[in-house]
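Reviewing the structure listed below.
The values are calculated or read from the model by the stated rules, or taken from the named source; none is laboratory data. Note that the structure is predicted; figures quoted are calculated from it, not measured. Note that each Cβ is placed from the backbone with ideal geometry, even for glycine, and that neighbours are counted across all protein chains shown.
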Ligand code: NI
């Protein structure tokens, strides 16, 4: 298991456009393994390669904690519906904000063996895919937050006050 350093908001690399992966090399396979380790260690539901400083069009998502999807050179084929909810990002630690995303997404990508697949996701999976996809084009969710960005701690206080 190898953890990589997660880049944080303010670092220029996070605004850059990631490049297509031409072939799966041992180095890229190791990157994917490290991305999964890094995501799980941070209790994240997704991580893009650019977040560990590598400008390749790769991201990983696992919304259940036991069923990771690896997306290499992904393309969003279709979206529909709308959902509004709290979002966060390992590159923006301690913060959260409300973002509206499609409620359904159909995506095509290659897996870690460069085998083509298509996947349909709804709700949290759709949200995570859209969030990670944005990273590949240099975008952070904070650009899409409605209202203001909040501290996670502040939100927890509000929620416990409501309960
Ligand atoms: Ni993120």
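The one condition from (1) in contact with a strand residue (DSSP E or B) (Cβ under 7 Å, 6 or more places away or on another chain); (2) at negative phi that residue 73 does not meet is (2). May I ask you to verify whether residue 71 is farther than 28 Å from residue 158 by Cβ, within 11 Å of the ligand (Cβ to nearest atom), crowded, with 19+ Cβ neighbours inside 10 Å and in contact (Cβ under 8 Å) with a residue 24 or more places away in the chain? Against the criterion (farther than 28 Å from residue 158 by Cβ, within 11 Å of the ligand (Cβ to nearest atom), crowded, with 19+ Cβ neighbours inside 10 Å and in contact (Cβ under 8 Å) with a residue 24 or more places away in the chain), residue 71 does not qualify. Of all residues in segment 25-50, those that are in a loop (DSSP other than H, G, I, E, B) and either under 18 Å from residue 75 (Cα atoms) or in contact with a strand residue (DSSP E or B) (Cβ under 6 Å, 6 or more places away or on another chain) (or both) total 0.
Whenever a residue of segment 75-87 is closer than 20 Å to residue 44 by Cβ, its partners that are surrounded by 12 or more Cβ atoms within 10 Å (Cβ to Cβ) and modelled with pLDDT under 95, lying with C-beta atoms within less than 8 angstrom and at least six residues away or across chains, give the pairs 86/155.
Among 99, 54, 21, which is the only one that is in a loop (DSSP other than H, G, I, E, B) and within 16 Å of the ligand (Cβ to nearest atom)? Let's see the steps before the verdict.
Numbers: 99 fails: in a loop (DSSP other than H, G, I, E, B); 21 fails: within 16 Å of the ligand (Cβ to nearest atom).
Only one candidate passes the filter, namely 54.
Going residue by residue through segment 136-150, is there one that turns out to be within 23 Å of residue 30 (Cβ to Cβ), in a helix (DSSP H, G or I), within 14 Å of the chain's Cα centre (by Cα) and touching a residue at least 60 places away in the same chain (Cβ under 8 Å)? So far as segment 136-150 goes, yes, one or more of its residues are within 23 Å of residue 30 (Cβ to Cβ), in a helix (DSSP H, G or I), within 14 Å of the chain's Cα centre (by Cα) and touching a residue at least 60 places away in the same chain (Cβ under 8 Å).
Does at least one position in segment 142-152 carry a residue that is within 23 Å of residue 64 (Cα to Cα) and in contact with a helix residue (DSSP H, G or I) (Cβ under 6 Å, 6 or more places away or on another chain)? Within segment 142-152, none of the residues are within 23 Å of residue 64 (Cα to Cα) and in contact with a helix residue (DSSP H, G or I) (Cβ under 6 Å, 6 or more places away or on another chain).
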